[in-house]
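To start, the structure itself, in structure tokens.
Bear in mind that the values in this text are calculations on the coordinates, not laboratory data. The structure displayed is predicted, hence computed values, not measured ones. A quick note on method: Cβ atoms are made from the backbone with ideal geometry, for glycine too, and the neighbour counts reach across all protein chains shown.
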Amino acid sequence: MVDVAVVGGGVAGCELALRLDRAGRSVVLVTTSLDTVYTSEPPFLDVSELTGVAAKEAAALQPDADRLSRWELHTHVKQVLEQHSGVHLMQSSVEQLVPETNGWSVETWEGVPIEAERVVLAVGTFLNAVLHVGRTVETSGRLGEIAYPDLFHWLQGKDVPLERHSDAGKNDDGVAWTRDYWAIRSEGTPPFAVPGLPGVHAIGRCRTGCTTYEATVADATALADHVINDALDATF
Ligand SMILES: Cc1cc2nc3c(=O)[nH]c(=O)nc-3n(C[C@H](O)[C@H](O)[C@H](O)COP(=O)(O)OP(=O)(O)OC[C@H]3O[C@@H](n4cnc5c(N)ncnc54)[C@H](O)[C@@H]3O)c2cc1C
């Protein structure tokens, strides 16, 4: 059993995983695709804006750059996480959580379960997401990245409070898109507890009220501090 299973390898999940590893916690970071680790919507990023610890370690791999492309940031963060032995990176889609004596079994579509004392949902804009790009409609959390419905339906079935959100932007070709997705109304700032699911937390864009990069990094930092400093207060 690992200390923490982090579901989702975006900014929130990666920043949290690295902070927990630095504090000696064992982590499985499970995400739908390892090709989209730390994906950012802006195609280029100023290094001075990268406030997260994972992003800073990543930027240090290209020390002369003032800007990184989205692709460079992704590959560097992935390399950083692979170098931290306390973080096990796993490519799978999480469908549901099953309670265990001391935590949860995180069940994946691929069939490999992960047992963890705590679970952190960092699934971004992927809960029941629908994306409209021009005339095309995709069930995607981001352009070209499929959003599977199982985890959303499982959360709904557990009466987890969920709130519908919409946002909009333009893709790299200037075509307008709109996106509908759902976010979890978690409790506390932190521990961002998911109501009704002891030992489960929600951070980043999948938490209501967290919509920017800075807020996402702040969520990961605050939850990491909470997990590192507090004993598990959940009752199973
Ligand atoms: C410097 C910087 C500036 C940025 N500026 C902007 C900006 O101006 N505007 C903007 O829109 N964005 C911006 N971004 C990107 C934005 O910050 C992030 O997209 C946002 O913080 C959300 O991150 P997240 O980790 O919560 O979610 P996401 O990035 O959406 O990551 C969620 C991850 O969870 C995975 N996942 C989902 N469901 C499951 C499941 N069931 N099982 C397993 N894995 C799952 C997904 O595949 C995805 O990889 C910026 C990023 C950076 C680095």
**Message:** Which residue is nearest to ASP35 (Cα to Cα), if the candidates are limited to region 68-122 and must be among the small types (Gly, Ala, Ser) and under 15 Å from the mean Cα position of the chain (by Cα)?
**Reply:** SER92
**Request:** Just need a number here: residues in region 74-92 that are surrounded by 15 or more Cβ atoms within 10 Å (Cβ to Cβ) and without any contact (Cβ under 8 Å) to a residue 12 or more places away in the chain.
**Result:** 1
**Asked** Out of the residues in region 4-18 that are under 15 Å from PHE192 (Cα atoms) and among the β-branched types (Val, Ile, Thr), which is farthest from the ligand (Cβ to nearest atom)?
**Response** VAL4
**Message:** Given the criteria away from the ligand (no atom under 14 Å from the Cβ), among the small types (Gly, Ala, Ser) and in a loop (DSSP other than H, G, I, E, B), does GLY174 qualify?
**Reply:** yes
**Request:** Filter region 187-221 down to residues that are surrounded by 23 or more Cβ atoms within 10 Å (Cβ to Cβ), among the small types (Gly, Ala, Ser) and assigned to a loop (DSSP other than H, G, I, E, B), then give me how many there are.
**Result:** 1
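Run down GLU95, GLU49, GLU110 and say which single residue is touching a residue at least 40 places away in the same chain (Cβ under 8 Å), of a type in the set (Asp, Glu) and under 26 Å from MET1 (Cα atoms).
Values: GLU49 fails: under 26 Å from MET1 (Cα atoms); GLU110 fails: touching a residue at least 40 places away in the same chain (Cβ under 8 Å).
Within the list GLU95, GLU49, GLU110, the selection yields GLU95.
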